[in-house]
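Structure record follows, encoded as structure tokens.
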Amino acid sequence: MVYSTVVANKPADPLEPIAYRDMATPLGELRLVSSPKGLRGAWFTDQELLPSAEGWTHTETDPILEQARRELEEWFAGKRQGFDVALDPIGTTFQHKVWHALCALDFGKLASYGDLARTVGRPKGAQAVGGAVGRNPIIIIIPCHRVIGADTSLTGFGGGLPRKQALLAHEGNRYVSRNARARRVCDGQAELPW
């Protein structure tokens, strides 16, 4: 399913009001951030690149944040596979192309950095795509966890490899190790005892 997204290719307005709230998830506390136009960010609160909330307004009543919270709860409960909340991430034109390509990945579908590079018209741009994926400001909803190495290895994830492994398992993709070089376990493949 393609997520409904509204994106802006211009810098953030420093006077724009920004609201945030934290929510509990099975994988840890998640901070949701919104502008008046849509969801601006979603980060686990222990992520290294979590922006400071200085100048933001903490609220439990913002309709965008409430919609995102409700949809994430439904997603974690297995009651939804896509998201409808409006998105307003800040990034370059190229980053938006990559984030749109991520949004086009169906629940449970995996793609390599090379696959995404071809999708956005930069077939030799896997590293540039990796940079854009790594700067995704809306974790889970813009599903950067669905990006793996060409050899099916886990590679990296801003929320940590244990969370990436759990998110992929939630979508039906099994990895028995949390090592970045771990390979996907195919259906019917036996697990070896070591």
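If the segment from THR93 to ALA169 were pulled out straight at 0.36 nm per residue, it would be longer than the present Cα-Cα gap by 24.2 nm. Here r is the Cβ-Cβ distance between ASP46 and GLN127 and R0 is 35 Å; the resulting FRET efficiency, rounded to 0.05, is 0.85.
For the peptides 159-171, 93-105, the ranking by mean Cβ contacts within 10 Å, running from highest to lowest, is 93-105, 159-171. The Cα atoms of the stretch 18-94 give a gyration tensor whose axes a ≥ b ≥ c have a/c under 1.5, which makes the shape rounded. The modelled label-to-label distance between PHE107 and SER153, using points 7 Å beyond Cα along the C-beta direction, is 3.1 nm.
Is the stretch 93-140 rounded, prolate or oblate when judged by the Cα gyration tensor, a ≥ b ≥ c being the square roots of its eigenvalues, rounded requiring a/c under 1.5 and prolate requiring a/b larger than b/c? Here the stretch 93-140 falls in the oblate category.
If R0 is taken as 35 Å, the Cβ-Cβ distance between ARG80 and THR57 corresponds to a FRET efficiency of 0.80. Listed by chain and number, the lysines placed with their C-alpha closer than 24 angstrom to that of LYS79 are LYS109, LYS164; residues fewer than eight positions away on the same chain are left out.
Bear in mind these aren't lab numbers, they're just calculated from the coordinates by the rules spelled out. The structure presented is a predicted model; accordingly, all values stated were derived computationally and were not measured. Heads up, the Cβs are rebuilt from the backbone with ideal geometry, glycines too, and the neighbour counts pull from every protein chain shown.
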